[in-house]
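What follows is a set of notes on a single structure, which appears directly below.
FYI, it's all coordinate maths here, none of it is from the lab. Remember, predicted model here, so these are calculated numbers, not experimental data. Quick reminder, even Gly has a Cβ in these numbers, built from the backbone with ideal geometry, and neighbours come from all protein chains shown.
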Amino acid sequence: MKSFRRVALGLTPPVAIVLLWWYVTYTGKVPPMILPSLPAVGNAFKNNVLSGQLLADLGISLTRVVKGYLVAASLGVVVGTLIGVSRRFDELLSPTLHAIRSIPMMAWLPLIILWCGIGEESKIVIIVISAFFPVMINTIGGITDTPQQYLEVARLGKMGAFRTFWKVYLPSAVPQIFVGLRLGLSISWIALVASELLAANSGIGFRISDSRIKIRPEGIFMGIIVIGIIGVILDKGLTTIAKRATRWNSGGKE
Amino acid sequence: MSEKRLRIEGLSKSFTVGKKVIDALDNINLEIERGEFVTIVGKSGCGKSTLLKIISGLLPYESGKVAYDGHEIREPGPDRGMVFQEHRLLPWLKIRDNIGFNLFSLPKREREELVGSHMKKVGIDGFADAYPNQLSGGMAQRAAIARGLAGNPEILLLDEPFGALDALTRIQMQKEVLRIWQSEGTTMILVTHDIDEAIFLGQRIIVMSERPGKVLDIINAKNLAYKNRADADFARVKKKVYKYFFEEEMPDLEYTL
Ligand SMILES: Nc1ncnc2c1ncn2[C@@H]1O[C@H](COP(=O)(O)OP(=O)(O)OP(=O)(O)O)[C@@H](O)[C@H]1O
Ligand SMILES: [Mg+2]
């Protein structure tokens, strides 16, 4: 019952927006070139689904996200762990990484296009650069925040470094690693769509800029809505995995 | 029969915090026999935890000597187990895995047997698959004691193990620790700031001064015929300990009873 109320509450703003949208377009207060009507967007959606265009676009974009994100996430967790457990790695890598981190994505773009063109590699590079840092930073935080008390318990049993990592550091860091993974995933999706809008010839982001060139505002709106929904689905999926992995952390009482 | 004993000679310990040096322990001399139950009382901050951590091998020391069975203690070892003030159960491990946490070198079967028997010993069998946050404070502390005992140490160090428990659970846990001590014969060294607890549990009660911690007195309570809190002997010892900490006289329990 409680979750029903929460869902209902969460759905209120989108429903309100849709109603308002419907009202201003139906009454003709806003011209369709600025804000297309709901049925027009619905039609665009229907046509794109039926023609297979939408699925093809999404397939391309999601493949890019999955590839880039997997690279970024594994790099982020590994490098973050190394920096978290070893002072030497921290001193070696942290200054450089923090300098790189302060360069905005948009500043990389010309260079990436120059080196990788506007095809698949450039998209994956963009995702990796964007998503790597939040994963790495949160992994470092999770590892270094491992309570000293638990490490003392491991020391009492003369637990080796490797086992201590698996049994203490890593599980202790998992909740925060997932914070980074979640952040990284949404940033991946955002960065991908942005790069597809600016420089691509396929994908859901490209479809939006294509609609703009062809003066089809309903295509733009359809694209935006689909992107938002996919973003939410990706995040929900990862949150579900995170909950499973850290069941001990969530009150535990079922 | 056995001559094993813990011997502490001239142990001092100080910490450096920034540029300040804090003396925590000052020239501690102690000998604890195998199988004894010794309690240590002292005010907060007098170095009780520091002393236990040195005995456990978690904390290094620079001056003095700490040896068990003739071997100098420089690191943790399976002959010593420890129970902390907070239960320190790892929240991501089930109770059974927490209790068996440091038995990783044993084959699975042996480990499971040890875990099972120690859960029974402290009365938490049935909670093997629970996570720590599903346990009450008393249950969690029992699990922590089971973990301390699981490797069958010769010495169990208990650092205010019941400090976080309510008064009723506390008394119950004291009785159970006594029972375990009687049946296992483990040397018990228990730190507390509860004078009653120290007398109830200890065969000898070590009274520590304020920081830097020194041994003020070692009170022999072995001959208290039975540990009865309402007993006159109990009150007499209590009065004696009390005087180390407070100037004023303790109200005369003996005659008000
Ligand atoms: N790692 C440390 N670094 C610096 N100072 C420390 C450290 N550990 C303990 N101390 C200091 O040493 C003194 C003794 O600490 P200890 O924890 O042994 O006291 P305690 O008797 O166990 O107190 P309590 O009853 O409150 O637990 C305190 O003044 C404390 O601040
Ligand atoms: Mg203490």
* Structure fact -> Scanning the range B:47-58 residue by residue, those more than 15 Å from B:Asn27 (Cα to Cα) and more than 12 Å from ligand 2 (Cβ to nearest atom) turn out to be B:Ser56, B:Gly57, B:Leu58
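Condition check ((1) in a helix (DSSP H, G or I); (2) more than 25 Å from A:Leu109 (Cα to Cα); (3) within 13 Å of chain B (Cβ to nearest Cβ)) across all residues:
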{"site": "A:Leu170", "(1), (2), (3)": "yes, yes, yes"}
{"site": "A:Ser186", "(1), (2), (3)": "yes, no, no"}
{"site": "A:Glu196", "(1), (2), (3)": "yes, no, no"}
{"site": "A:Val226", "(1), (2), (3)": "yes, no, no"}
{"site": "A:Ile229", "(1), (2), (3)": "yes, yes, no"}
{"site": "A:Thr239", "(1), (2), (3)": "yes, yes, no"}
* To do: Among residues belonging to the range A:203-224 that are of a type outside the set (D, E, K, R) and exposed (fewer than 13 other Cβ atoms within 10 Å of the Cβ), point out the one that is farthest from the other protein chains (Cβ to nearest Cβ).
  => A:Ile215
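Within the range B:25-43, can one find any residue that is farther than 30 Å from B:Tyr242 by Cα, among the aliphatic types (A, V, I, L, M) and surrounded by 20 or more Cβ atoms within 10 Å (Cβ to Cβ)? Reasoning before the result, please.
Residues of the range B:25-43 farther than 30 Å from B:Tyr242 by Cα: none.
The answer is no; no qualifying residue exists.
Does B:His118 satisfy the condition of being outside any loop (DSSP other than H, G, I, E, B) and either buried (at least 17 other Cβ atoms within 10 Å of the Cβ) or of a type in the set (Val, Ile, Thr) (or both)?
Values: outside any loop (DSSP other than H, G, I, E, B): yes; either buried (at least 17 other Cβ atoms within 10 Å of the Cβ) or of a type in the set (Val, Ile, Thr) (or both): yes.
It is true that B:His118 is outside any loop (DSSP other than H, G, I, E, B) and either buried (at least 17 other Cβ atoms within 10 Å of the Cβ) or of a type in the set (Val, Ile, Thr) (or both).
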* Asked: Is there any pair with a first residue in the range B:148-171 that is closer than 22 Å to B:Leu135 by Cα and a second that is in a loop (DSSP other than H, G, I, E, B) and away from ligand 2 (no atom under 16 Å from the Cβ) whose Cβ atoms are under 8 Å apart and which are 6 or more apart or on different chains, and what are they?
  -> B:Leu149/B:Thr186; B:Ala150/B:Gly100; B:Ala150/B:Asn102; B:Ala150/B:Leu103
* **Hits in the range A:69-113 - residues which are more than 24 Å from A:Asp145 (Cβ to Cβ) and charged (D, E, K, R)** => none
* Given (1) surrounded by 19 or more Cβ atoms within 10 Å (Cβ to Cβ); (2) away from ligand 2 (no atom under 16 Å from the Cβ); (3) within 19 Å of B:Gln141 (Cβ to Cβ); (4) more than 9 Å from chain A (Cβ to nearest Cβ), where does B:Asn102 come up short, assuming only one miss? -> (4)
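Mind checking whether some residue in the range B:36-47 is away from chain A (no Cβ under 14 Å) and farther than 23 Å from B:Ala164 by Cα?
So in the range B:36-47, the residues away from chain A (no Cβ under 14 Å) come out as B:36-47.
Subset that is farther than 23 Å from B:Ala164 by Cα: B:36.
Scanning the range B:36-47 turns up at least one residue that is away from chain A (no Cβ under 14 Å) and farther than 23 Å from B:Ala164 by Cα.
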* To do: Please specify each residue of the range B:68-94 satisfying the condition of being in a loop (DSSP other than H, G, I, E, B), under 30 Å from B:Asp166 (Cα atoms) and more than 16 Å from ligand 1 (Cβ to nearest atom).
  => B:Leu89, B:Leu90, B:Pro91, B:Trp92, B:Leu93, B:Lys94
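From the list B:Arg111, B:Arg80, exactly one residue is over 30 Å from B:Glu9 (Cα atoms) and crowded, with 16+ Cβ neighbours inside 10 Å. Which is it? Don't jump to the end; show me each part of the working.
On the way: B:Arg80 fails: over 30 Å from B:Glu9 (Cα atoms).
Of the residues listed, the single one that is over 30 Å from B:Glu9 (Cα atoms) and crowded, with 16+ Cβ neighbours inside 10 Å is B:Arg111.
So which residues in the range B:51-67 are more than 10 Å from ligand 1 (Cβ to nearest atom) and either within 13 Å of the chain's Cα centre (by Cα) or in a helix (DSSP H, G or I) (or both)? Write out each step before concluding.
First pass over the range B:51-67, keeping only residues more than 10 Å from ligand 1 (Cβ to nearest atom): B:55-58, B:60-67.
B:Ile55, B:Ser56 - these are the residues of the range B:51-67 that are more than 10 Å from ligand 1 (Cβ to nearest atom) and either within 13 Å of the chain's Cα centre (by Cα) or in a helix (DSSP H, G or I) (or both).
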* Asked: Restricting to the range A:140-161, what's the tally of residues that are away from chain B (no Cβ under 11 Å) and surrounded by fewer than 21 Cβ atoms within 10 Å (Cβ to Cβ)?
  -> 4
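Looking only at the range A:198-219, which residues are part of a helix (DSSP H, G or I) and among the basic types (Lys, Arg)? Talk me through it step by step, then tell me what you get.
First pass over the range A:198-219, keeping only residues part of a helix (DSSP H, G or I): A:198, A:204-213, A:217-219.
The answer is A:Arg207, A:Arg212.
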* Check off (1) among the acidic types (Asp, Glu); (2) within 16 Å of ligand 2 (Cβ to nearest atom); (3) away from chain A (no Cβ under 14 Å) for B:Glu86 and give me the number that stays unchecked. => (3)
* Asked: Quick one: would you say A:Ala131 is exposed (fewer than 12 other Cβ atoms within 10 Å of the Cβ) and under 30 Å from A:Asn201 (Cβ atoms)?
  -> no
* Tally of residues being in contact with a Gly (Cβ under 9 Å, 6 or more places away or on another chain) and in contact (Cβ under 8 Å) with a residue 60 or more places away in the chain across the range B:172-201 -> 10
